[in-house]
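All remarks here apply to the structure that follows.
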Amino acid sequence: MDLGIKEKQVILVALRRFLKELEDQLNSEDIDEEESADLANDAALVDLLVSRFEEEA
């Protein structure tokens, strides 16, 4: 199923919000080194998804 432009834009907004949440958590002092690495990996993946959707939208 192909997504339309509006659907891609909605997904892009959600991914950007999620990326911001991940970045905020990464900047928190309440996480240990392992959690920080996990969050960094998650943020990198979401950033790739954002880039992909920006290209398509």
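The values are calculated or read from the model by the stated rules, or taken from the named source; none is laboratory data. These numbers were taken from a predicted model, which means no experiment stands behind them. Note: ideal-geometry Cβ built from the backbone for every residue, glycine included; neighbour counts use all protein chains shown. These accessible areas exclude ligands, DNA and RNA; they are computed on the full protein's heavy atoms, side chains included. Shrake-Rupley method; radii C 1.70, N 1.55, O 1.52, S 1.80 Å.
Annotations for the structure displayed:
Residue-wise test of (1) touching a strand residue (DSSP E or B) at 6+ places or on another chain (Cβ under 6 Å); (2) hydroxyl-bearing (Ser, Thr, Tyr); (3) modelled with pLDDT of 95 or more; (4) open to solvent by 60 Å² or more (accessible area, probe 1.4 Å).
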{"site": "GLU23", "(1), (2), (3), (4)": "no, no, no, yes"}
{"site": "SER28", "(1), (2), (3), (4)": "no, yes, no, no"}
{"site": "ILE31", "(1), (2), (3), (4)": "no, no, no, no"}
{"site": "GLU35", "(1), (2), (3), (4)": "no, no, no, yes"}
{"site": "ASN41", "(1), (2), (3), (4)": "no, no, yes, yes"}
{"site": "LEU49", "(1), (2), (3), (4)": "no, no, no, yes"}
{"site": "GLU54", "(1), (2), (3), (4)": "no, no, no, yes"}
{"site": "ALA57", "(1), (2), (3), (4)": "no, no, no, no"}
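- Scanning the range 1-21 for residues that are surrounded by 13 or more Cβ atoms within 10 Å (Cβ to Cβ) and among the basic types (Lys, Arg), we see that the one that is nearest to SER51 (Cα to Cα) is ARG16.
- Looking across LEU22, LEU15, LEU48, one residue alone is hydrophobic (A, V, I, L, M, F, W, C), free of Cβ contacts under 8 Å to residues at least 12 places away in the same chain and part of a helix (DSSP H, G or I). It is LEU48.
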